[in-house]
Amino acid sequence: MIYGYVFTKRKIREFRLWLWWNLLGVRILFRRVGKVPTVRATRKILSEFCAEAAVLIAVFPYLDFLIENYRTSQPKIDMGPVKRLSAMICVISLIMSIFLAVKTDEKE
């Protein structure tokens, strides 16, 4: 019984050390790669793109709805699913924009 307890405790300790060193290695790799100018420029461009896409996704479904209702006299279209989907895509785009944002120095 004691052998099983000691074996399990040792395996858990080894797994924790392995996980800690691997996560540390991934952090160091991301810090090195994140400082490459090409990666920083790409992240900045993608961040701005996501922010602009979020604004366009938030605005254009409603404009399209208003224009179509003005042109035609057909029955009203239910905007509920469109509102929910555009809100979800907008929030996801804003989160990605924040995630991809690059911290810049004061000098830049």
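Please treat every number below as a calculation from the coordinates, not as lab data. Here the structure is a predicted model, which is why all the values come from computation and not from measurement. Counting neighbours? That spans all protein chains shown, and the Cβs are built from the backbone with ideal geometry, glycine included.
For the chain, how big is Rg over Rh, using alpha carbon atoms and the Kirkwood form of Rh? Walk me through the numbers before you get to the answer.
Details: Rg = 24.8 Å, Rh = 18.7 Å.
Here the Rg-to-Rh quotient is 1.32.
Considering only 95, 12, 33, and ranking their Cα positions along the charge dipole of the chain that arises from unit charges at the beta-carbon of Lys, Arg, Asp and Glu, the one farthest toward the positive end is 12.
Using the charge dipole of the chain (Lys, Arg: +1 at Cβ; Asp, Glu: -1 at Cβ; taken about the Cα centre), state which of 79, 51, 61 has its Cα farthest towards the positive end. Most positive-ward Cα: 51.
Quick one: longest stretch of the chain between exposed loop trypsin sites (Lys or Arg not before Pro), exposed meaning at most 12 other C-beta atoms within 10 Å and loop per DSSP?
36-75
Between residue 20 and residue 91, the modelled label-to-label distance comes to 3.7 nm, taking each label 7 Å out from Cα in the direction of the beta carbon. Other residues lying with their Cβ under 13 Å from the Cβ of residue 46 contribute a combined charge of +1, Lys and Arg counting +1, Asp and Glu -1.
Straightening the chain between residue 98 and residue 55 buys 14.1 nm, computed as 0.36 nm per residue apart minus the Cα-Cα spacing. Each Lys and Arg Cβ is given +1 and each Asp and Glu Cβ -1; about its Cα centre, the chain then shows a dipole of about 960 debye. Over the residues of the chain, the helix contribution to mean residue ellipticity at 222 nm works out to -29500 deg cm²/dmol, using -39500 (n - 2.57) for each DSSP H run of at least 4.
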